[in-house]
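Read through the structure below, which is laid out as structure tokens, and then see the notes.
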Amino acid sequence: MKIFFFIPILLLLIASPVFGQLSDKTGLLSRLDVDTSGHTFEVVTISNFEILEHEFEKEEKRLTIFINSGLENNLGEVTIPKNLLGGNFTFYLNGVETIQESKSNERISFITLNFTGIGNNKIDIIGTDALVGVTEIKEIIPAEKDPSNEESGGGCLIATATFGSELAPQVQQLRELRDNKLTQTEAGKNFMTLFNKFYYSFSPQIADYQRENPVFNEIVKAGVTPMITILSLMDYAETESEVLPIGLSLIVLNIGMYFGLPVIVIMKIKKI
């Protein structure tokens, strides 16, 4: 009688796993982190083959598992969160459609894989639903700073090289003119955008040459000093209509002082 009593218990222990539970009869446990739409989902597998890699394609509603097996007969169990991938499943083994068992409840889909083949294999699990109820979290990648597009806070490269420091009074005067006057009006912002495109196209090279050649730096200083005085004329621009004409006039002066003059001087130095 005792033998008959233990037979049902023995059958329960050796029977196939109840849906929703992973058995340990297949051996290798793997936890696959699937990162998509700003979230991380965990896919759990237990198998007699090795998981090499995995990928998830949300547009195709596809989970691909790359495996390596040393056995001819392969068995695996895959648990997938339903908010990652769900619905009706289609399976492909190395690009060929295959039939596998799947069950699901409110939280997970439980898939039993059973196939043959030694070596590397690729399994595609394709659902009809993906990321249901999941709000995408978009990653914000800050754009690289382009000094030519800065309205304020950028460096006055030539002036800094000329007077030796960003804290020099002359450099501060230029910065205050830009930040407190020019960028306070729409016309002033447009002027600074136009000017910066021109200024930063050549100022880094000139500033570097100033640091390497003290004589050239003194020549630039002689030209920059009166220019700073001329720039103070912008203080008289009070309206939108006044800022733009004065700004355009200063662009012409900058072309002469910051570009034309240095080029002429460099050419004369080379001839010596």
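The values are calculated or read from the model by the stated rules, or taken from the named source; none is laboratory data. Remember, predicted model here, so these are calculated numbers, not experimental data. Note: ideal-geometry Cβ built from the backbone for every residue, glycine included; neighbour counts use all protein chains shown.
Considering E238, E218, the condition of being among the acidic types (D, E), loosely packed, with under 14 Cβ neighbours inside 10 Å and either at pLDDT below 70 or touching a helix residue (DSSP H, G or I) at 6+ places or on another chain (Cβ under 8 Å) (or both) is satisfied by E238 alone.
When Q184 is tested against (1) over 28 Å from I266 (Cβ atoms); (2) modelled with pLDDT of 75 or more, exactly one condition is not met: (2).
May I ask you to list the residues in the range 88-143 that are aliphatic (A, V, I, L, M), part of a strand (DSSP E or B) and more than 19 Å from I46 (Cα to Cα)? It would help to see each step written out before you state the result.
Taking the range 88-143 as the starting set, the residues that turn out to be aliphatic (A, V, I, L, M) are 93, 96, 99, 108, 111, 113, 118, 123, 125-126, 130-132, 134, 137, 140-141, 143.
Now drop any that are not part of a strand (DSSP E or B), which leaves 93, 96, 108, 111, 113, 123, 125-126, 130.
Within the range 88-143, V96, I126, A130 meet the criteria.
Only residues that are in contact with a Leu (Cβ under 9 Å, 6 or more places away or on another chain), under 21 Å from D35 (Cα atoms) and in a loop (DSSP other than H, G, I, E, B) were counted in the range 46-83, giving 3.
Among the conditions (1) crowded, with 18+ Cβ neighbours inside 10 Å; (2) among the hydrophobic types (A, V, I, L, M, F, W, C); (3) at pLDDT below 95; (4) not assigned by TED's automatic domain parsing to the domain that holds F198, I125 misses just one, which is (3). Screening I206 on (1) more than 33 Å from the chain's Cα centre (by Cα); (2) at pLDDT below 80; (3) buried (at least 18 other Cβ atoms within 10 Å of the Cβ) shows it passes everything except condition (2).
Residues in the range 95-113 that are under 19 Å from E50 (Cβ atoms) and in contact with a Gly (Cβ under 8 Å, 6 or more places away or on another chain): T112, L113.
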